[in-house]
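Asker: Below you will find the structure I want to go over with you.
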Amino acid sequence: MNNYEFINVEIKDRVGIIEFNYVKKLNALSECFIQDILHALIVLNVPEIRCVILRAPKGSKVFSSGHDINELPKTKRDPLSYQDPLRILTRTIQRYPKPVIAMVQGSVWGGGFELIMSTDIVIASDKSTFAMTPVNLGVPYNVVGIHNLIRDAGLHVMKEVIFTANPITAEKALKIGILNHIVPDDELESKTLEIANLICEKAPLAIEVIKEEMRVLCEANAINPDEFERIQGLRRYVYDSLDYQEGLTAFFEKRKPNFIGK
Ligand code: YXS
């Protein structure tokens with residue numbers, strides 16, 4: 001099962017477990033790492049597997065540091081276009097015919113936050129934290145991504161989370177409805193497997209169609225084509241801006257960005 005460089009895959013009864021193995025980059029969502037996850041999801045898409053868990057290694061301080069900032073375009077290109085690996089991954093999970101559970105230990109950043117929001121169930125260590133970071137970098141997050149982020153939690157709370165980029169605690173994340181359970185570190189694996197095993201006993205075809213119904217219903221937002229193109233134009237203004245370049249440069253120079261609104 002382990003023909004992968006950046007993940008380890010294990011099967012426990014009818015549960016497929018994808019464990020991140022990209023510690024040197026703090027599980028940043030680089031294209032090579034995402035390719036491994038996508039490949040594993042294809043391999044695990046067999047009738048004997050009823051549920052998939054995404055996890056970081058035991059004891060991780062960082063679950064995922066988010067999009068690989070080295071792979072964000074420097075300027076004049078949409079940083080989160082339709083074929084961006086993160087976009088492909090979140091779409092794949094949402095359309096995956098089996099429930100995907102995020103088992104979170106450590107801090108979760110930016111695209112990693114959206115990744116867990118695209119899974120079906122999120123179970124987290126009580127010490128994990130969650131930060132949504134586009135305003136640290138000047139990134140105009142894409143429309144589908146924002147929709148993934150605001151669907152589950154109260155709008156005022158998510159606005160604060162996104163506009164401040166301040167990490168929130170697991171307790172707060174549970175309270176606002178983006179986590180299913182928080183548990184102490186030493187119970188994280190058993191709790192996650194308990195829920196995965198319950199799912200494994202149920203009717204897989206019914207689960208598959210209900211998951212798809214939920215996805216379609218949640219995405220049933222009519223958007224006027226003119227408004228969509230207007231938003232894309234506004235986003236372009238942002239990724240073409242000096243502030244976007246400043247956000248990326250400041251990250252690599254390990255300093256606070258000086259945003260000027262241009
Ligand atoms: O200095 P070296 O070369 O060792 O590299 C450092 C970091 O620059 C690098 N690194 C990353 N490289 C690419 N993409 C990343 N997302 C990323 N995160 C970290 O890894 C090396 C070790 O990091 P260091 O020294 O900071 O580790 P630490 O243990 O002191 O701190 C861990 C973190 C996670 C708190 C810290 O690395 C951090 O704040 N990382 C950035 C988190 C973040 O802002 N993620 C958002 C990525 S952009 C994204 O997801 C969306 C596009 S958006 O921003 O729109 O939401």
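Where a number appears in this text, it was derived from the coordinates with a stated rule and is not lab data. Here the structure is a predicted model, which is why all the values come from computation and not from measurement. Please note: Cβ atoms are built from the backbone with ideal geometry, for glycine as well, and neighbour counts cover all protein chains shown.
Asker: Would you mind pulling out the separation of the Cα centroids of segment 110-133 and segment 1-43, in Å?
Answerer: 17 Å
Asker: Using 0.36 nm per residue of separation minus the Cα-Cα distance, give me the extension gain between residue 226 and residue 43 in nm, one decimal.
Answerer: 61.9 nm
Asker: If you don't mind, there's one more thing I want to ask. Picking from 168, 258, 248, whose Cα lies most toward the positive end of the charge dipole for segment 148-262 (charges on Cβ: Lys, Arg +1; Asp, Glu -1)?
Answerer: Checked the options; the winner is 258.
Asker: Let me ask you something else. Give the cross-link partners of residue 12 among the lysines, using a straight C-alpha distance below 21 Å as the criterion and excluding same-chain residues fewer than 8 apart.
Answerer: By straight Cα distance, residue 12 reaches 58, 98, 191, 202.
Asker: Could you point to the residue in 158, 199, 148 farthest towards the positive end of the chain's charge dipole, with +1 and -1 charges on the Cβ of Lys/Arg and Asp/Glu respectively?
Answerer: 158
Asker: Oh, and also: Lys/Arg Cβ at +1, Asp/Glu Cβ at -1, dipole of the chain taken about the Cα centre: which of 11, 138, 37 is farthest positive-ward?
Answerer: Farthest along the dipole direction, towards plus: 138.
Asker: Report the charge-dipole magnitude of the chain in Debye, nearest 20, computed about the Cα centre from +1 at each Lys and Arg Cβ and -1 at each Asp and Glu Cβ.
Answerer: Dipole of the chain, to the nearest 20 debye: 560 debye.
Asker: In debye, nearest 20, what is the charge dipole magnitude of segment 48-195 about its Cα centre with +1 on Lys and Arg Cβ and -1 on Asp and Glu Cβ, if you could check?
Answerer: So the magnitude is around 440 debye.
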